[in-house]
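This report refers to the structure that appears directly beneath it.
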Amino acid sequence: MIILRAQSKDRTYRASMIIERAIREGRGSLLEIEAEKIAGSFGIKTEASRLAKSETEAITIAKKIGFPLVMKIVSPDVIHKSDVGGVIPGVQNLKEARTSYRQILANVMRSNQKARIIGVLLQRMAPKTFEFVAGGLRDSQFGPTVMFGLGGIYVELFRDVTFRLAPLKKSQALAMLEDVKSSKIISGFRGSEPLDRNSIAEVLIAVGDMMTKLKHIESIDINPLLVYPKGSIAVDVRIMIQ
Amino acid sequence: VIGASRKPGKIGYEIVRNIKIGGFAGKIIPINPHGGTILGFQTYPSVKSFEGEIDLAVIVLPAELTIEAAKDCGEKGVRACIVISSGFSEAGHPELEERLIETVKSQSMRLIGPNTFGIYFADNQMNATFGPSHVLPGRTAFISQSGALGLALMDWTTEEKYGVSSIVSIGNKADVDDADLLEFFEQDVSTQLILVYMEGLKNGRKFYNVSRRVSKKKPIIVIKAGTSKRGAVAASSHTGSVAGADSVFNAAFEEAGILRAKSMTQAFDWIQALNENPVPDGEGIVVVTNGGGIGVLTTDYCETLGLKLMDLPQELKAELAKIAPSFGSLKNPIDLTANADDVIYGSVIRKLLARNDVDAIIILFCQTANIDPMLVAHALLEAKKNAQAPKPMTAALIGGHLAEQGYSRLLEKKFAAYPTSERAVDGMFALITRSRQLAKSR
């Protein structure tokens with residue numbers, strides 16, 4: 001127990017260091033790799049990913065991780081990566097990895113010539129499944145909250161989401177899954193296998209913990225959160241800070 | 001009353017007058033520099049010139065003079081004050097409000113307001129408001145952030161015979177806030193239910209924590225207007241953009257066991273149902289009607305609100321068959337047809353009240369040519385009075401002025417009654433929701 005507590009203090013401390021550095025640098029959000037590191041330390045499973053700072057490095061990493069891959073821009077000036085062509089999914093081989101690397105840089109530069117570019121993230125592509133969204137938001141009147149709902153690119157369109165005040169108990173996290181219309185997908189929809197409720201609840205609890213313990217976090221977006229019959233993977237973690 | 005006036009129409013006069021007319025048994029001390037009497041009460045030039053203890057100061061001075069007055073009160077040993085005066089943060093003078101808060105805190109006093117119309121408290125018949133002079137005592141405490149709405153409802157609750165245990169115009173909430181008042185009404189024996197009209201909260205967490213506890217003892221209904229502020233940063237995140245103005249409030253209210261009403265009508269329909277009924281043990285609802293059409297409408301509306309109409313057991317159907325006209329329907333809703341009179345209504349309700357598997361009853365009566373709704377009202381009251389164990393019931397008597405007289409009588413006799421079927425269902429919805437919330441919190 002004592003060891004556990006020490007570990008949890010340690011992870012809060014390490015996360016705070018990352019956030020404080022970003023604040024010092026005048027950034028409003030964390031880089032994806034930073035966000036994933038923090039999420040990972042709070043127990044959220046993320047897809048293995050590594051940062052490539054050059055084309056050659058990208059090739060070396062691609063060989064290690066294997067295919068298919070998704071490649072994403074890493075830049076403090078690009079928040080909505082897909083909107084500027086900063087994400088290329090389904091990279092199948094080394095040749096495609098090379099052209100994708102060039103393509104991403106060109107796309108980002110075209111939309112914002114002054115964008116500071118740290119590199120390109122290579123991430124193994126998780127198998128297809130249902131996409132959910134998990135999030136956190138610091139409310140001006142109620143403080144830290146947690147959100148869950150149907151994810152992917154239609155979050156804003158369908159708004160099939162629900163909120164709770166953080167921190168969350170397991171029972172509250174599980175109750176959130178029942179709140180949304182998409183709960184039918186989780187229980188198994190038209191012959192599909194039921195999805196792993198506990199793994200979603202654990203992600204929601206972790207998001208609540210992050211919001212409660214890390215006061216400088218303004219919001220957290222995990223979208224998509226890929227949920228399988230066994231386990232969940234946070235594919236894109238975005239953290240805004242204040 | 002600091003700033004008491006002898007000119008009718010002035011707030012400083014109306015407050016003294018209301019306290020007097022309301023029948024407050026304590027001493028009334030008008031503070032006015034000109035001396036003499038106001039409405040028969042001896043005035044004093046300052047609180048300090050009065051010898052004796054003062055429990056509550058009602059301050060009705062121009063904003064800039066309230067700070068000095070509050071300081072005098074504190075030094076005199078007054079522990080509580082209501083600052084009626086406006087001209088603070090709501091009028092672009094937050095610095096004045098800050099100074100008032102500092103003064104009150106440094107004197108260890110509590111403050112309601114500023115910018116309020118006062119408070120009414122039924123227990124000691126204290127109407128320290130500049131609203132209506134006559135207020136009907138009842139079981140609902142009403143906390144209002146809006147002045148005009150609070151004043152209007154003060155009149156209305158009396159007119160409609162609802163009654164209130166207290167009305168608090170909470171004003172700018174510089175010190176005492178919604179949560180503090182919930183804690184007070186939690187303990188107040190005359191208060192059975194708490195209604196809050198709010199536009200915003202300064203400390204949402206505090207409200208959440210307190211209301212979660214209080215709602216286990218007394219129902220809390222909140223009407224929330226306006227949108228909450230949100231940082232610009234959050235809008236660029238998915239979570240921020242789907243949060244909307246209300247979802248966090250909804251989430252917090254739901255978890256805290258608060259019933260959130262969308263309108264005043266809905267709030268009062270809920271209050272009526274909750275005040276006049278026990279909380280149902282389960283969700284088995286039976287609808288009794290004399291019209292097929294309204295039965296179908298009601299079934300649809302129940303479904304929309306997530307209320308379930310129970311399947312009637314065979315032996316109950318057999319019992320009902322002996323009472324009901326043969327051409328009616330013994331499914332749920334039980335359609336007694338237009339021939340059903342007060343005797344049939346009475347017998348059917350009595351049967352249902354005697355059953356353990358029936359948790360709640362919605363009674364619909366459409367006015368017909370030959371049956372007086374007043375007789376039906378009496379049959380319902382009679383059945384309720386003779387019931388072995390009380391069951392939640394809401395009724396709608398639908399029709400013209402005869403129907404209106406019928407449901408008015410029911411209201412007077414503390415039977416939750418409405419002029420339309422939807423509102424009777426709404427009332428039942430509040431009861432079932434309350435039952436679910438209590439079950440969840442156990």
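Summary of values
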read-out	value
Qualifying residue in segment A:101-111 (condition: assigned to a strand (DSSP E or B) and away from every other protein chain (no Cβ under 14 Å))	no
Qualifying residue in segment A:206-214 (condition: in contact (Cβ under 8 Å) with a residue 40 or more places away in the chain, over 30 Å from A:Ser140 (Cβ atoms) and either within 14 Å of the chain's Cα centre (by Cα) or part of a loop (DSSP other than H, G, I, E, B) (or both))	no
Some residue of segment B:392-411 being farther than 24 Å from B:Lys317 by Cα, open to solvent by 50 Å² or more (accessible area, probe 1.4 Å), touching a helix residue (DSSP H, G or I) at 6+ places or on another chain (Cβ under 9 Å) and small (Gly, Ala, Ser)	yes
Residue list for segment A:201-228, filter: in contact with a Pro (Cβ under 8 Å, 6 or more places away or on another chain), within 12 Å of another protein chain (Cβ to nearest Cβ) and surrounded by fewer than 24 Cβ atoms within 10 Å (Cβ to Cβ)	A:Thr212
Segment B:73-88: number of residues that are part of a helix (DSSP H, G or I) and surrounded by fewer than 19 Cβ atoms within 10 Å (Cβ to Cβ)	2
B:Glu98, sole failed condition from (1) at pLDDT 95 or above; (2) buried (at least 19 other Cβ atoms within 10 Å of the Cβ)	(2)
Residues satisfying the stated conditions in segment A:82-124, i.e. free of Cβ contacts under 8 Å to residues at least 60 places away in the same chain and in contact with a strand residue (DSSP E or B) (Cβ under 6 Å, 6 or more places away or on another chain)	A:Gly86, A:Val87, A:Ile88, A:Pro89, A:Val91, A:Ala97, A:Ser100, A:Tyr101, A:Ile104, A:Val108
Single match in B:Tyr44, B:Tyr13 (criterion: among the aromatic types (Phe, Trp, Tyr) and surrounded by fewer than 20 Cβ atoms within 10 Å (Cβ to Cβ))	B:Tyr44
Count of residues meeting criterion [assigned to a loop (DSSP other than H, G, I, E, B), more than 12 Å from chain B (Cβ to nearest Cβ), open to solvent by 60 Å² or more (accessible area, probe 1.4 Å) and not hydrophobic (A, V, I, L, M, F, W, C)] in segment A:116-146	3
Of all residues in segment A:54-88 being surrounded by fewer than 21 Cβ atoms within 10 Å (Cβ to Cβ), of a type in the set (A, V, I, L, M, F, W, C) and over 16 Å from the mean Cα position of the chain (by Cα), the one that is farthest from the other protein chains (Cβ to nearest Cβ)	A:Ile59
Count - residues of segment A:158-170 that are assigned to a helix (DSSP H, G or I) and either away from chain B (no Cβ under 13 Å) or at pLDDT 95 or above (or both)	1
Those residues of segment A:147-157 which are aliphatic (A, V, I, L, M), in a helix (DSSP H, G or I) and more than 7 Å from every other protein chain (Cβ to nearest Cβ), in sequence order	A:Ile153, A:Leu157
Out of B:Tyr407, B:Tyr418, sole residue that is over 19 Å from the mean Cα position of the chain (by Cα) and more than 22 Å from B:Asp357 (Cα to Cα)	B:Tyr407
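The values are calculated or read from the model by the stated rules, or taken from the named source; none is laboratory data. These figures come from a predicted structure and were not determined experimentally. Here the Cβ is made from the backbone with ideal geometry for all residues, glycine too, and neighbour counts use every protein chain on show. The accessibility values were calculated without ligands, DNA or RNA, using every heavy atom of the protein model including side chains. Shrake-Rupley method; radii C 1.70, N 1.55, O 1.52, S 1.80 Å.
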